[in-house]
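Visitor: This is the structure I have questions about; it appears just below.
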Amino acid sequence: MAETLFSRIIRREIPAQIVHEDEHVVGFRDINPQAPTHVLFVPRQAIATLNDLVAADAELIGRLVLAATAYAKSQQLADDGYRLVMNCNRHGGQTVFHLHFHILPLKEGVDLRPHTGQMADHSILAAQALA
Ligand code: AMP
């Protein structure tokens, strides 16, 4: 598959606010947050979409979910609640073709900003990540 900017974030070639790192999974803040704490959890292994998962990925997906939920609990998001969202392909709203979960915390009276489904230019995103 074609490499995405997430592989470059994982290799720390592009700046990002990394919130979690282990042997299999990396978590970092979304550059266009839909909520005050909007983070993405990605496998180090580059898998393009949900459609590309195979049986051998079962453990990896389990690790991804567990890392994301552990992070949500550590940030006290668990009691109020959150969404763990994975968009698949163009009409599913996927813009970066490296599998990832969005953690989207929900609080009373605070609406999620819309997911535009549009990617800004990579150089603009990289510059924003530095800010
Ligand atoms: P999706 O549209 O579901 O594929 O989600 C991709 C997400 O990646 C979007 O919410 C973007 O805001 C986010 N994103 C794109 N570039 C970066 C970046 N350089 N650092 C952090 N998040 C990014």
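Visitor: Suppose we filter THR69, THR49 for residues that are of a type outside the set (Asp, Glu), over 21 Å from PRO114 (Cβ atoms) and within 13 Å of the ligand (Cβ to nearest atom); which single one remains?
Guide: Numbers: THR69 fails: within 13 Å of the ligand (Cβ to nearest atom).
When all the criteria are applied, what remains is THR49.
Visitor: With respect to the numbered conditions (1) more than 13 Å from the ligand (Cβ to nearest atom); (2) under 24 Å from ALA2 (Cα atoms); (3) outside any helix (DSSP H, G or I), which one is the sole condition not fulfilled by PHE41?
Guide: So PHE41 meets the others, but not (1).
Visitor: Could you check ALA78 against (1) part of a loop (DSSP other than H, G, I, E, B); (2) farther than 25 Å from GLU108 by Cβ; (3) of a type in the set (Gly, Ala, Ser) and say which number it fails?
Guide: Checking ALA78 against (1) part of a loop (DSSP other than H, G, I, E, B); (2) farther than 25 Å from GLU108 by Cβ; (3) of a type in the set (Gly, Ala, Ser), the one that fails is (2).
Visitor: Here's another thing I want to ask about it. Please work out if GLN34 is in contact (Cβ under 8 Å) with a residue 12 or more places away in the chain, of a type outside the set (D, E, K, R), away from the ligand (no atom under 13 Å from the Cβ) and touching a Leu at 6+ places or on another chain (Cβ under 9 Å).
Guide: Details: in contact (Cβ under 8 Å) with a residue 12 or more places away in the chain: yes; of a type outside the set (D, E, K, R): yes; away from the ligand (no atom under 13 Å from the Cβ): no; touching a Leu at 6+ places or on another chain (Cβ under 9 Å): yes.
Answer is no for this residue.
Visitor: Do the conditions hold for ALA46, that is, is it in a helix (DSSP H, G or I) and either without any contact (Cβ under 8 Å) to a residue 60 or more places away in the chain or touching a Ser or Thr at 6+ places or on another chain (Cβ under 6 Å) (or both)?
Guide: Details: in a helix (DSSP H, G or I): no; either without any contact (Cβ under 8 Å) to a residue 60 or more places away in the chain or touching a Ser or Thr at 6+ places or on another chain (Cβ under 6 Å) (or both): yes.
Considered against the rule, which asks whether it is in a helix (DSSP H, G or I) and either without any contact (Cβ under 8 Å) to a residue 60 or more places away in the chain or touching a Ser or Thr at 6+ places or on another chain (Cβ under 6 Å) (or both), ALA46 comes out as no.
Bear in mind these aren't lab numbers, they're just calculated from the coordinates by the rules spelled out. Computed from a predicted structure; not experimentally measured. Neighbour counts run over all protein chains shown; Cβ positions are idealised from the backbone, glycine included.
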